[in-house]
Amino acid sequence: VTVTHSVLLVEDDAATRTRLARVIERETDLRLLGAAASCREARAQLAETLPDVLLVDLGLPDGSGVELVREVKARGAATEAMVITVFGDEQHVVAALEAGAAGYVLKDGADAYIIESIHALLNGGSPISPAIARHLLRRFRGPAPQPASGGGEEVPGLTEREHQVLELLVKGFTFQEIGELLGISAHTVTTHVKHIYGKLEVRSRAEAVYEALQLGIVKSS
Amino acid sequence: VRWLTLFAAAAATWLPIVGLARLVAQEAPGAVHQAERTTVADPRASAAAASWRAVTLPDDWRETAPGVGEVWYRLPFSAGASEERLAVYLPAVAMNAAVYVNGRLIGTGGRMTEPVARNANRPLLFPIPARALTAGTNELRVRVVADRTGNGFMAAPAVGALDVLEPVERRATFVRRTLLWSVMVFRLVVALFTATIFALWRRERYYGWFALSAVAWVLAELNLVVVDIPVSVIAWTWGTAVAIGWWGIFAVCLVSSFIGLVRPRAERALMCAGVVGSVALAILAASGSALFDPLAVNLWLTVAFGASCYLFRGVLTRLRDHPDAIEVNVVFVVALSVVGLVLWDLLMQLGLRPRGGLTVPPYGAFVAVVGMGWVLLRRFVSALREARALAATLEERVRDETAEVEASYRRILGTERARVLSEERERILRDMDEGLGSQLVSTLVLTEPAAGIEALRPAERAEIQASVRAALDDLRLVIDSLDPIDGELLPALAMLRSRLQPRLDAAGVAVEWRVEDLPPLADLTPHAVLRTLRVVQRAFTDVLARGRGGVVRVRTGTDAGARAAFVEVVDGAAAVVRLVLPLAEYADAGASHVRGIAAGGAGGVGP
């Protein structure tokens with residue numbers, strides 16, 4: 001029995017949307033819930049069913065895909081969000097990662113690459129580029145804002161191993177090569193990356209609360 | 001040993017004074033000790049010759065004639081036949097004397113009636129006119145008047161050659177008067193100096209106390225040098241006693257403020273006691289009370305001496321706490337010296353020591369003023385030095401702060417510029433991603449066979465797709481080169497690899513990624529990065545275009561001598577391209593940016 005995973009696609013460019021939809025529909029273990037062209041359409045879909053995978057373009061005519069990711073994550077859903085981007089530059093991707101996305105996929109990638117990325121995501125791995133790894137290293141360098149008076153969730157830092165993985169990524173090594181260098185499997189490397197993304201999400205949330213406290217928007221209880 | 005040294009130092013200050021005292025105490029040649037005296041008012045007028053009694057000189061009335069205001073002395077002397085001039089020398093009388101030879105007045109020391117001329121500290125020399133002398137035995141009579149009854153004194157007079165006695169008198173006068181005046185003037189000058197310092201610098205009160213105590217001491221000593229007083233004897237005595245008392249008070253204040261004891265209440269109490277004492281003595285003097293003399297001389301002076309003992313004790317305590325403070329050591333020696341001299345003088349005042357000798361405390365003043373003056377000047381100079389150092393430190397700090405403010409201003413400017421750049425970059429990237437980038441991807445999608453555009457022949461389709469892909473690749477290079485790189489090339493190379501990796505995998509090209517961290521490179525502007533990335537990318541796409549699979553080795557590192565970094569892409573055995581980049585450390589050596597690019601590309605510029 002093949003377990004199928006539902007996918008919701010949000011992309012405003014018709015040609016790309018059609019192509020991605022076609023690629024996903026071809027897979028037997030993936031089921032396309034819908035292909036939305038705007039935030040509004042996507043929200044209507046999400047109100048009905050939460051997909052297993054949310055593939056979302058960032059620049060939508062009526063808003064940013066980052067907002068959709070945040071909304072879905074805020075509902076505590078098990079949905080894995082993935083960003084569709086042309087360049088995969090870290091400025092774009094990191095904003096989505098902070099909102100809770102678990103990776104990104106390049107729009108012009110080959111069919112196999114796109115399907116592989118979705119499968120990797122479902123298997124607990126996350127793609128990453130050297131630029132994003134570099135950004136994350138910088139991001140985790142400073143001390144994390146800890147929740148006041150014990151309340152709230154602990155803000156995690158990077159483990160030694162996660163740090164090593166990021167440093168090797170920055171130098172351009174592939175998951176496979178990093179696995180060989182560190183004596184672990186490539187899959188474990190991608191799992192590390194996914195954990196790092198999780199920590200980034202918690203951290204950016206804590207930072208937002210911290211900043212709000214600093215500005216007096218939220219009162220500490 | 002240390003205490004012994006200090007006492008020895010104080011004793012050393014006494015040595016010259018003792019020398020002076022001995023000089024003055026030296027008897028003149030021809031001094032006569034045996035004489036007769038009478039207390040009859042004018043023995044010349046009466047026939048009461050029987051009232052003459054033998055007396056041994058020096059004669060202190062406090063013991064031999066209390067209550068008497070005038071005494072006559074007589075003694076015989078023989079005038080030789082020689083032609084030399086004779087003279088009478090009185091080394092010390094209290095207070096004035098008139099000298100008669102054979103009943104003929106040959107001189108006086110000044111006014112003989114109240115207020116009597118004060119000659120207690122003034123040697124008197126009277127040449128005897130030749131016509132007053134008779135051959136053989138002559139009679140010398142000296143009439144001595146005291147300033148107050150019972151306070152008279154007569155030292156042994158000398159009758160002899162004027163040529164012999166004159167140098168003796170001159171020497172005594174120099175010590176007793178000239179030297180004394182000099183010390184007093186010197187003290188007043190120093191007092192004026194310290195008073196000026198105090199006037200300008202009120203915080204350091206001891207300059208003021210020093211000036212006041214010096215002045216009080218000088219006033220008290222006027223008693224020793226002024227012959228004709230402008231007021232009554234009783235008023236003069238009062239003034240002298242009060243001046244000594246105030247000297248004690250000011251000295252206590254001086255020492256306590258100098259050693260850092262701040263006791264304003266004790267100071268005020270002392271002042272009040274001084275005022276009350278002065279007024280009480282004035283009342284006693286004005287009323288002619290018999291209590292005045294014992295109180296003014298005995299009690300008051302003892303109190304003044306007590307004060308000097310108190311300050312001596314204060315200095316002693318201080319010295320015990322700070323044995324190495326040179327100032328305190330000097331002050332201790334000065335205090336010891338002065339106290340010793342005052343004690344010596346007090347013994348004479350109280351009648352415990354014979355009169356007629358040198359009054360020593362004024363000479364000690366020289367030591368005191370030099371010692372204390374040195375200490376105060378030293379403090380003044382060190383305060384000046386501190387102030388100057390402080391000003392210098394302050395200036396330096398202002399300079400530092402200014403530099404810091406400038407630096408932080410530059411930092412803020414830099415941060416602000418970086419922020420603006422980053423925002424602008426973000427905006428451009430967003431626009432490219434959503435606009436141009438998406439358009440290119442759409443074009444790519446539309447040219448795929450699945451898109452259903454049948455009119456395109458496969459060759460045309462491949463060409464369009466290759467062209468669009470090249471455009472996308474180049475856009476990505478541009479975007480990657482925009483990433484802030486902080487002089488690091490490796491992350492940009494890594495990004496290039498991550499982009500090409502899927503295509504390399506698809507073409508079956510294996511990559512040997514042998515990179516190592518590079519030191520910061522010189523002038524790594526986005527443009528320089530882009531040029532470097534283009535060259536490396538072209539090397540990769542050349543390999544891909546050949547479509548033979550195989551292995552591509554990418555190496556980075558520093559050259560021998562480590563003056564430049566290199567990036568090398570090797571296809572099989574031949575170097576496809578080798579880039580040499582100057583290190584930031586040697587940027588000044590004039591190395592060009594991204595050297596080797598001109599020779600880059602396929603074909604290789606092997607080492």
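The values are calculated or read from the model by the stated rules, or taken from the named source; none is laboratory data. The structure displayed is predicted, hence computed values, not measured ones. FYI the Cβ positions are ideal-geometry reconstructions off the backbone, even for glycines, and counts take in every protein chain you see. SASA here: full protein model, heavy atoms, side chains in, ligands and nucleic acids out. Shrake-Rupley method; radii C 1.70, N 1.55, O 1.52, S 1.80 Å.
Structural remarks
- For region B:420-445, a residue qualifies if it is without any contact (Cβ under 8 Å) to a residue 24 or more places away in the chain and at the interface with chain A (Cβ under 7 Å from one of its Cβ atoms), and the qualifying residues are B:E426, B:R430, B:D433, B:E434, B:S438, B:S442, B:V445.
- Tally of residues being surrounded by fewer than 19 Cβ atoms within 10 Å (Cβ to Cβ) and closer than 25 Å to A:F175 by Cβ across region B:516-536: 2
- Given (1) without any contact (Cβ under 8 Å) to a residue 24 or more places away in the chain; (2) surrounded by 12 or more Cβ atoms within 10 Å (Cβ to Cβ); (3) not in a loop (DSSP other than H, G, I, E, B), index of the condition B:L496 fails: (1)
- Checklist (1) in contact (Cβ under 8 Å) with a residue 12 or more places away in the chain; (2) over 25 Å from B:A307 (Cβ atoms) applied to B:F366, failing item: (2)
- Evaluating A:R43 against the criteria (1) touching a helix residue (DSSP H, G or I) at 6+ places or on another chain (Cβ under 6 Å); (2) away from every other protein chain (no Cβ under 11 Å); (3) among the basic types (K, R) leaves one unmet condition, (1).
- Taken over region B:60-100, the residue count meeting the criterion of being crowded, with 19+ Cβ neighbours inside 10 Å, under 60 Å from the mean Cα position of the chain (by Cα) and of a type in the set (S, T, Y) is 1.
- Condition check for B:E516 on (1) in a helix (DSSP H, G or I); (2) more than 26 Å from B:R425 (Cβ to Cβ); (3) in contact (Cβ under 8 Å) with a residue 24 or more places away in the chain: one failure, at (1).
- Exclusive hit being within 10 Å of chain A (Cβ to nearest Cβ) and over 29 Å from B:L446 (Cβ atoms), set B:A528, B:A494, B:A522, B:A506: B:A494
- Selection count, region B:252-266, where residues are open to solvent by 50 Å² or more (accessible area, probe 1.4 Å) and in contact with a Gly (Cβ under 8 Å, 6 or more places away or on another chain): 1
- Residue match in region B:154-169 (condition: surrounded by 19 or more Cβ atoms within 10 Å (Cβ to Cβ), more than 30 Å from B:I249 (Cβ to Cβ), touching a residue at least 40 places away in the same chain (Cβ under 8 Å) and charged (D, E, K, R)): yes
- Taken together, A:E67, A:E41, A:E27, A:E71 contain a single residue that is open to solvent by 10 Å² or more (accessible area, probe 1.4 Å), within 13 Å of the chain's Cα centre (by Cα) and at pLDDT 85 or above, which is A:E67.
- Residue count, region A:83-139 (criterion: part of a helix (DSSP H, G or I), surrounded by fewer than 22 Cβ atoms within 10 Å (Cβ to Cβ) and at the interface with another protein chain (Cβ under 8 Å from one of its Cβ atoms)): 2
- Being modelled with pLDDT of 90 or more and open to solvent by 20 Å² or more (accessible area, probe 1.4 Å) is not true of B:V142.
- Filter pass, B:L200 being under 36 Å from the mean Cα position of the chain (by Cα) and either touching a residue at least 12 places away in the same chain (Cβ under 8 Å) or at positive phi (or both): no
- Qualifying positions in region A:44-62 - surrounded by fewer than 15 Cβ atoms within 10 Å (Cβ to Cβ) and not in a helix (DSSP H, G or I): A:T49, A:P61, A:D62
- Residue tally, condition open to solvent by 60 Å² or more (accessible area, probe 1.4 Å) and in a helix (DSSP H, G or I), over region B:413-461: 23
- Among the residues making up region B:535-556, a single one is among the basic types (K, R) and in contact (Cβ under 8 Å) with a residue 60 or more places away in the chain: B:R538.
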